[in-house]
Each structure stands twice: as structure tokens, then as C-alpha cells.
Amino acid sequence: MVYDDEIFSNVSFAEIGLDGVEYDSCRFENCDFLGVSFSGIELIDCHFVNCDFSLVKLDGTGLKNATFTGCKLIGVDFSVASNFLFAVSFADCMLDYSIFLKKNMKGTTFRNSSVKSAMFEECNLSNAIFDSCNFANTLFVQNNLQQADFRTSTEYSFDLELNKVKGAKFAYPSALGLFSKYGIEIE
């Protein structure tokens, strides 16, 4: 079943599951996807507003220009989603404990979101915009963060030697977390 340009509002997919294989230009508002399997489903140009995606399973899911606004995406493993045309953006979301592994996320926008205790490993996050996000206890390992903008974000702390950061933008005092591994005091 293919859904094209449909609006889904106040639907609990956690209770009924998903019956389509492709959702193109669809809008989901106040929907509950808690623990739902999106395995093999294509989400193309879809917009999710105030939805609960906590603990969803994305095995082989196509996220092609999917936007999330005001959504709860706690513990989501994005690394198992399809890499083909993978493109997402987040605004006012909760992405705590989420995993991004080996994803091409060049130019991705994370705006006004909580990204606590998450993991970014071997991702291309060049030119990404991290606008007003909280990265407390988030792990960044072997990522391309060149030209990324962290200026308005807080509580990030990662090893500059384990990530490519040329041209990245940071702001004081949050940038002090980049020196925590050295055990130095900056006044």
C-alpha cells in the first residue's frame, strides 16, 4: 500500500501498526509510534509533528527528507536505517539515547533539541547546524564535523583529536568542554 500526500492525525500506530510500504509527502500529527517496527518502509518527504517515536525499529527504513518537529525520539537507532538518500532534520525534539553510526548527515539541522547521552560515530556531519541543542554526555567519535556550527549549543564535550573539526564554529563558554580531557583549568 502506498500513501501519497495524506494527513494522519492522532493515530496510535503503536496499537494498529503500519500497513503501508511507502509514505510520500505525508504529514503525521500527534501520532504514537512507540516501539513500532518501520522495517522496510519508505518515508519520503514526510513531516512528523508532536509524535512519539521512542524505541521504534528502523531496520532498512528509508528516511528520505524526513522532518521531525516536537517529536520524542528516545533510544532510536538511526544506524540501521537505509543509507540510500538518508536525510533528516530535527526541531524541538528529544533525541536522548539515540544512535547515529556511519550516517551521511552533511548539512543536517538539529534545532532546539535535547540530544543527551546520544552517540554519533563515523558520521559525516560537515556543515551540520546544531542550533540551541543540549549534548550532555553525548559521544562524538571519528566524525567529520568540519564547518559544523555548535555556537548556540551547550554541554558538548568531545575529543578534538578523534574528530575532524576544521572550520567548525564554537562559542565560549560551551567550547571549554572540548578541553576537558586535558585536565586543565581555564579562567
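The values are calculated or read from the model by the stated rules, or taken from the named source; none is laboratory data. Bear in mind that the values here come from a model prediction, so they are computed numbers and not experimental data. Neighbour counts are summed over all protein chains in view; Cβ atoms, including those assigned to glycine, are modelled from backbone coordinates with ideal geometry. These area figures cover heavy atoms from the full protein model, side chains too; ligands, DNA and RNA do not enter into them. Shrake-Rupley method; radii C 1.70, N 1.55, O 1.52, S 1.80 Å.
Tabulated data
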item	result
The range 4-108, relative contact order in percent, only Cα pairs under 8 angstrom and at least six apart counted	20 percent
Structure-based [θ]222 nm, the chain - -39500 (n - 2.57) summed over DSSP H runs of at least 4, per residue, nearest 500	-500 deg cm²/dmol
Theoretical gain in end-to-end length, Lys181 to Ser132 [0.36 nm per residue, Cα-Cα removed]	15.3 nm
Accessible area of Ile99 in the full protein assembly, 1.4 Å probe (Å², nearest 10)	60 Å²
Accessible carbon and sulfur surface of the range 25-163 relative to its total accessible area, %, 1.4 Å	49 percent
In Å², nearest 10: area of Thr108 left accessible to a 1.4 Å probe	10 Å²
Estimated FRET transfer efficiency (Tyr172, Glu122; beta-carbon r; R0 45 Å; 0.05)	0.95
Approximate spin-label separation Lys57-Glu155, in nm, with each point projected 7 Å along Cα-to-Cβ	3.1 nm
Charge-dipole axis of the chain as Lys and Arg at +1 and Asp and Glu at -1 on Cβ define it, positive-most pick from Gly167, Asn127, Thr61	Gly167
Coordinate range along principal axes, alpha carbons of the range 1-104, Å, largest first	31, 24, 22
Considering only the range 109-154, percent of DSSP beta bridges that pair antiparallel, nearest 5	0 percent
Accessible heavy-atom area order of Glu6, Glu29, highest first, probe of 1.4 Å	Glu6, Glu29
Among [x] 10, 39, 31, 15, 5, 1, 0; [y] 9, 32, 38, 18, 3, 0; [z] 9, 36, 38, 15, 1, the entry that matches P(r) over Cα pairs in 10 Å bins from 0, in percent as calculated here	[x]
For the range 57-102: Kirkwood Rh in Å [reciprocal of mean 1/r, alpha carbons]	10.8 Å
Cut-off 13 Å between beta-carbons: net charge of the residues surrounding Asp131, Lys and Arg +1, Asp and Glu -1	+1
